[in-house]
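J.: Just dropping this structure here.
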Amino acid sequence: MQLLEERIRKDGIVKDGSILKVDSFLNHQMDVTLFVQLGDEFHRLFAGDNVTKILTIEASGIGIACVTAQVFGCPVVFAKKNKTKNIAGDVYTSPVESFTHGTVYDIIVSKDYLKPEDRVLIIDDFLANGAALSGLAKLVQDAGATLVGAGIVIEKAFQPGGELIRSRGIRVESLARVKAMHSDGSIEFC
Ligand code: 5GP
């Protein structure tokens, strides 16, 4: 998506070779006008898939998921990163290795909010090694729901997640695919 690539080039900051910081419009301050355009694009891509629920992971995915869900006219469920066991009732759970922190945590979703009849679109901000997306896909599978695909804002295509997830037959649509990031701060897209 041209508009998004231009924004990443303008405001994205390359850190340590493989981390892209986009705090000024996506991960800290949120450009909601841009989010509406991203949500419209996700809707165009998945309009025929009868999506009944959007699933994301706290915290960075929630904003873009909410804006997208408004276009689809369906609820958002966000997987919680579990530290305590204080969620009521039964949950689906999956371990996820954090790309940014290098630790493993469990993500959980209440069984009340994912049902076998659901057609789920996963939305997330980044795809890197694919751990977050794999964990979310497992929750959908455990619920017996249908995973229609994943909408990702920024895929770092030089990392293995996209290929890994697509090789499992999951449809992944990324609005910007970063081919390479350089130490001078320049960014190449696929
Ligand atoms: P994965 O599980 O695919 O390795 O990483 C996905 C998650 O890690 C995303 O939800 C995002 O929060 C975080 N992440 C991975 N790479 C980056 C990055 O380059 N920049 C930022 N801001 N977050 C990232």
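J.: Can you name the residue in segment 144-165 that is over 19 Å from residue 46 (Cβ atoms) and not acidic (Asp, Glu) and, of all such residues, is farthest from the ligand (Cβ to nearest atom)? Full working, then the answer.
T.: So the first thing to find is which residues in segment 144-165 are over 19 Å from residue 46 (Cβ atoms), and the list is 144, 156-161, 163-164.
Narrowing further to those that are not acidic (Asp, Glu): 144, 156-161, 164.
Numbers: 144: 24, 156: 6, 157: 12, 158: 11, 159: 7, 160: 9, 161: 4, 164: 9 Å.
Per the stated criteria, the residue is 144.
J.: Which one of these is basic (Lys, Arg), exposed (fewer than 15 other Cβ atoms within 10 Å of the Cβ) and at pLDDT below 95: 21, 10, 15?
T.: Details: 21 fails: at pLDDT below 95; 10 fails: at pLDDT below 95.
Just a single option satisfies the conditions, and that option is 15.
J.: Right, something else. Would you pick out the residues in segment 1-21 that are more than 13 Å from residue 128 (Cβ to Cβ) and hydrophobic (A, V, I, L, M, F, W, C)?
T.: Correct list: 1, 3, 4, 8, 13, 14.
J.: If you scan segment 7-28, which residues turn out to be more than 8 Å from the ligand (Cβ to nearest atom) and either assigned to a loop (DSSP other than H, G, I, E, B) or among the hydroxyl-bearing types (Ser, Thr, Tyr) (or both)?
T.: Within segment 7-28, 12, 16, 17, 24, 28 qualify.
J.: Output the residue which, of all residues in segment 59-73 that are open to solvent by 10 Å² or more (accessible area, probe 1.4 Å) and in contact (Cβ under 8 Å) with a residue 24 or more places away in the chain, is farthest from residue 25 (Cα to Cα).
T.: The first filter runs over segment 59-73 and keeps only residues open to solvent by 10 Å² or more (accessible area, probe 1.4 Å), leaving 59-60, 62-63, 66-67, 70-73.
Applying the additional criterion that residues be in contact (Cβ under 8 Å) with a residue 24 or more places away in the chain yields 60, 63, 67, 70-72.
Numbers: 60: 11, 63: 11, 67: 14, 70: 19, 71: 20, 72: 22 Å.
So the residue we want is 72.
J.: If you go through segment 172-190, how many residues are over 13 Å from residue 158 (Cβ atoms) and in a loop (DSSP other than H, G, I, E, B)?
T.: 4
J.: Name the residue, out of 162, 144, 130, that is buried (at least 21 other Cβ atoms within 10 Å of the Cβ) and touching a Pro at 6+ places or on another chain (Cβ under 7 Å). Write out each step before concluding.
T.: Numbers: 162 fails: touching a Pro at 6+ places or on another chain (Cβ under 7 Å); 144 fails: buried (at least 21 other Cβ atoms within 10 Å of the Cβ).
Answer to the check: 130.
J.: Could you grab the pairs with beta carbons closer than 9 Å, sequence gap of 6+ or different chains, first residue in segment 120-147 and within 12 Å of residue 95 (Cα to Cα), second one near the ligand (Cβ under 6 Å from one of its atoms) and open to solvent by 30 Å² or more (accessible area, probe 1.4 Å)?
T.: The qualifying pairs are 131/99; 132/99; 132/126.
J.: Do we find a residue being aliphatic (A, V, I, L, M) and either open to solvent by less than 20 Å² (accessible area, probe 1.4 Å) or under 16 Å from the mean Cα position of the chain (by Cα) (or both) anywhere in segment 86-99?
T.: Within segment 86-99, the first condition is being aliphatic (A, V, I, L, M), and the residues that meet it are 87-88, 91, 96.
Next cut, either open to solvent by less than 20 Å² (accessible area, probe 1.4 Å) or under 16 Å from the mean Cα position of the chain (by Cα) (or both) only: 96.
Taking every residue of segment 86-99 in turn, at least one turns out to be aliphatic (A, V, I, L, M) and either open to solvent by less than 20 Å² (accessible area, probe 1.4 Å) or under 16 Å from the mean Cα position of the chain (by Cα) (or both).
J.: Among (1) open to solvent by 50 Å² or more (accessible area, probe 1.4 Å); (2) in contact with a Ser or Thr (Cβ under 9 Å, 6 or more places away or on another chain), where does residue 77 come up short?
T.: Only one criterion in (1) open to solvent by 50 Å² or more (accessible area, probe 1.4 Å); (2) in contact with a Ser or Thr (Cβ under 9 Å, 6 or more places away or on another chain) is unmet by residue 77, namely (1).
J.: Taking only segment 39-54 into account, find how many residues are buried (at least 22 other Cβ atoms within 10 Å of the Cβ) and either in contact with a Leu (Cβ under 6 Å, 6 or more places away or on another chain) or without any contact (Cβ under 8 Å) to a residue 40 or more places away in the chain (or both).
T.: Counting residues in segment 39-54 that are buried (at least 22 other Cβ atoms within 10 Å of the Cβ) and either in contact with a Leu (Cβ under 6 Å, 6 or more places away or on another chain) or without any contact (Cβ under 8 Å) to a residue 40 or more places away in the chain (or both) gives 4.
J.: Right, next: Checking the structure you have, find out if any residue of segment 65-84 is touching a helix residue (DSSP H, G or I) at 6+ places or on another chain (Cβ under 8 Å), more than 10 Å from the ligand (Cβ to nearest atom) and hydroxyl-bearing (Ser, Thr, Tyr).
T.: Scanning segment 65-84, I find at least one residue that is touching a helix residue (DSSP H, G or I) at 6+ places or on another chain (Cβ under 8 Å), more than 10 Å from the ligand (Cβ to nearest atom) and hydroxyl-bearing (Ser, Thr, Tyr), so the answer is yes.
The values are calculated or read from the model by the stated rules, or taken from the named source; none is laboratory data. No experiment lies behind these values; they were computed from the predicted model shown. Please note: Cβ atoms are built from the backbone with ideal geometry, for glycine as well, and neighbour counts cover all protein chains shown. The protein model used for the area step is the full one, side chains on, heavy atoms only, and it has no ligands, DNA or RNA in it. Shrake-Rupley method; radii C 1.70, N 1.55, O 1.52, S 1.80 Å.
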